[in-house]
1. If you scan the stretch 78-118, which residues turn out to be surrounded by 14 or more Cβ atoms within 10 Å (Cβ to Cβ) and aliphatic (A, V, I, L, M)?
2. Does at least one position in the stretch 378-399 carry a residue that is assigned to a strand (DSSP E or B) and either surrounded by 13 or more Cβ atoms within 10 Å (Cβ to Cβ) or more than 42 Å from the chain's Cα centre (by Cα) (or both)?
3. Being among the polar types (S, T, N, Q), surrounded by 14 or more Cβ atoms within 10 Å (Cβ to Cβ) and under 24 Å from the mean Cα position of the chain (by Cα) narrows it down to one of 75, 166, so name that one.
4. Which is modelled with pLDDT of 95 or more and either of a type in the set (Ser, Thr, Tyr) or touching a helix residue (DSSP H, G or I) at 6+ places or on another chain (Cβ under 7 Å) (or both), of 465, 506?
5. Name, by its number, the condition in (1) surrounded by fewer than 22 Cβ atoms within 10 Å (Cβ to Cβ); (2) in a helix (DSSP H, G or I); (3) over 32 Å from the mean Cα position of the chain (by Cα) that does not hold for residue 260.
6. Within the stretch 336-367, which residues are in a loop (DSSP other than H, G, I, E, B) and in contact with a helix residue (DSSP H, G or I) (Cβ under 6 Å, 6 or more places away or on another chain)?
7. How many residues are surrounded by fewer than 24 Cβ atoms within 10 Å (Cβ to Cβ) and among the hydrophobic types (A, V, I, L, M, F, W, C) when one looks only at the stretch 263-280?
8. Do you know which of the residues in the stretch 169-183 that are part of a helix (DSSP H, G or I) and surrounded by 17 or more Cβ atoms within 10 Å (Cβ to Cβ) is modelled with the lowest pLDDT?
Amino acid sequence: MTESSFVSLMNTTQTEQTRLKLGKLKVARQRLLQRYEHQPFVSCLAGLYGCQWRRYQLTHAQPGHFCCSKLECGSFALIVLTFCLSLVFLYFWSEAQNDYNDFDWFNFGNLGFWFPWSIVLLILAVFLFTYVAVLLLLAVCLLSEGRRLYLHWCHKIGISVTLILSIVATSVLTDLWSKEWMTVLLSFQVTAPYLHIGGVVLMTLLSWPIAFQLFRINMRVPLGMYSPCIKERSSLGSAPALIGHRGAPMLAPENTYMSFKKALSAGADGLETDVTISYDGVPFLMHDKNLGRTTNVKDIFPNWTRTSPAMFTWRELQRLNAGSWFFSQDPFGTASSLSPDERLQAQNQTVCTLRDFLDLAAQHGKLVIFDLYRPPWGHPYRDAWISRTLDVIHNESSIHSSQVLWLPPGLREFVQEIDPELQQTTAEQAPAEDLQLRHISRLNIHYSSMSEKEIRKYAAANISTNLYVISEPWLYSLAWCAGAHSVITNAVHILRNLQRPLFLMTPDEYRLMWILTDIISLILVMIIFVFHWWRERGLALSAESSSVLENQTYRQFRTEVNDVWSLSNMSDSDEQEPSL
């Protein structure tokens, strides 16, 4: 071999070696990019989930292997369980907003001071659910990246505390406010179509980690709820009449003359109140068993704060202020919305008589409904409370009997005989035939007993349905769709502005929503599965090609080096032959 040939061969060998090095660097760079392109993101996830902020702390699950140990599987299962229970607690309490005022007054009666405990409980429920949801999201993201799960002990304590609080809070609220579960069931009638979308979206999102795990282990492989708001618009009845619950308690002190005027100004179709009879026979408006909540009785009669309102004379009741409490307690958080003149007027409200209440309704041609409390033992009108109330209706006020929805159940036959024009109203959901025999013309039931089927059944017997107390627009929308004739509400000024039910949709619109949601979900799921198939197949081919490239290049390189050594030995022997 000539010197020029030898130099050419050495240059070729160096070129192949350089090409080999560049090929190895390219393969290494590709692997580094594949492994570490999301390294900051994964490190952040692992740091938030398990306080593992350094790269060497991260453990990658090999293809075909499970993600975590039995302990961490238990932790993940605990997170899922806590997520479900905290979601139940959050949904339960958020849908109970219609009755927050009753809950706060209940606590006021037991604790002696006003505080918006309902809002505090709602904030706590939101915080706990958000915390658990974030942890669950972090776990799913780590699983989707093929990482092992190591939940930090602080989070384990937090999850346990959240689980205990959710169970205890739900149990206590169930014991105290069992009717709220009926509210939850009613809310499903409104939100059922949208819960379906939420379920589909959740399953679509879960398809990402599920598809990832399926391909890494080398595998080759409606809600049943009824909503009365799904109907043709032509079949929707008129909006339920609005009856102001103790007037307009969001805009003025309840059961005061100002409160009823506010309700009428807001467009109320009727007024609701509670009637007690004073010791000297004057029927007046009062709901509570004592005067402590809605008057300044502590200042005027400090020794009578627990005394029944019926044991006060009318002269004594006239000395009380029935409006100043509205600003100190602010039960609905609306006191600041009053103008200076309204604030002055509210602060000077007195206890209202039944006569003034009836005259105001008569003046505006509105319906009235009231509970009538029988005086306690030892009261002069203990046995004449019905007669005294009828006397005010017939002889002292200007209202017509047909405007009165007579609710008191006592001596109903006697009342019906004296005044057949009163609209007999009951809370008893008896068979329609029995109610007709007793001349009942209207049912007055809690909204949790709402049923479109029952409402229609009673309506067919000419018995109207009144629901109490509905203040949330979604509940009012549901009552509207169910065919209720009237509702008692704290929020006449809000519900009056609804032009149609919030969740009304035709069967065709509902069917179209299902079809579009399913189609979009199917497309997204297919895209996610195809992407994971393409990604994992690409990684497998890349790994095989890089292995083949390394082996072939190494064998070629070894052959060429041997040839070089052979040529070198031949050259040396040629150079030594002349000397021989």
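The values are calculated or read from the model by the stated rules, or taken from the named source; none is laboratory data. Just so it is clear, the structure is predicted and the values come from calculations on it, not from any experiment. Counting neighbours? That spans all protein chains shown, and the Cβs are built from the backbone with ideal geometry, glycine included. Only protein heavy atoms, including side chains, enter the accessible area calculation; ligands, DNA and RNA are left aside. Shrake-Rupley method; radii C 1.70, N 1.55, O 1.52, S 1.80 Å.
1. 78, 79, 81, 85, 87, 88, 90, 96 - these are the residues of the stretch 78-118 that are surrounded by 14 or more Cβ atoms within 10 Å (Cβ to Cβ) and aliphatic (A, V, I, L, M).
2. The initial filter retains those residues of the stretch 378-399 that are assigned to a strand (DSSP E or B), namely none.
Looking for residues that are assigned to a strand (DSSP E or B) and either surrounded by 13 or more Cβ atoms within 10 Å (Cβ to Cβ) or more than 42 Å from the chain's Cα centre (by Cα) (or both), one finds none in the stretch 378-399, hence no.
3. Details: 75 fails: under 24 Å from the mean Cα position of the chain (by Cα).
Among 75, 166, only 166 is among the polar types (S, T, N, Q), surrounded by 14 or more Cβ atoms within 10 Å (Cβ to Cβ) and under 24 Å from the mean Cα position of the chain (by Cα).
4. Numbers: 506 fails: modelled with pLDDT of 95 or more.
Residue meeting the stated conditions: 465.
5. If we test residue 260 against (1) surrounded by fewer than 22 Cβ atoms within 10 Å (Cβ to Cβ); (2) in a helix (DSSP H, G or I); (3) over 32 Å from the mean Cα position of the chain (by Cα), just (1) comes out false.
6. So the first thing to find is which residues in the stretch 336-367 are in a loop (DSSP other than H, G, I, E, B), and the list is 338-339, 347-352, 365-366.
Across the stretch 336-367, the qualifying residues are 349, 351, 352.
7. Keep residues of the stretch 263-280 that are surrounded by fewer than 24 Cβ atoms within 10 Å (Cβ to Cβ), which gives 264-267, 269-270, 274-275, 279-280.
Right, trim to among the hydrophobic types (A, V, I, L, M, F, W, C) and you get 264, 266, 275.
Of the residues in that region, 3 qualify.
8. In the first step, residues of the stretch 169-183 are kept if they are part of a helix (DSSP H, G or I); the result is 169-176, 180-183.
Then keep just the ones that are surrounded by 17 or more Cβ atoms within 10 Å (Cβ to Cβ); that gives 169-170, 173, 180, 183.
Working: 169: 89, 170: 87, 173: 83, 180: 79, 183: 83.
Among them, the one singled out is 180.
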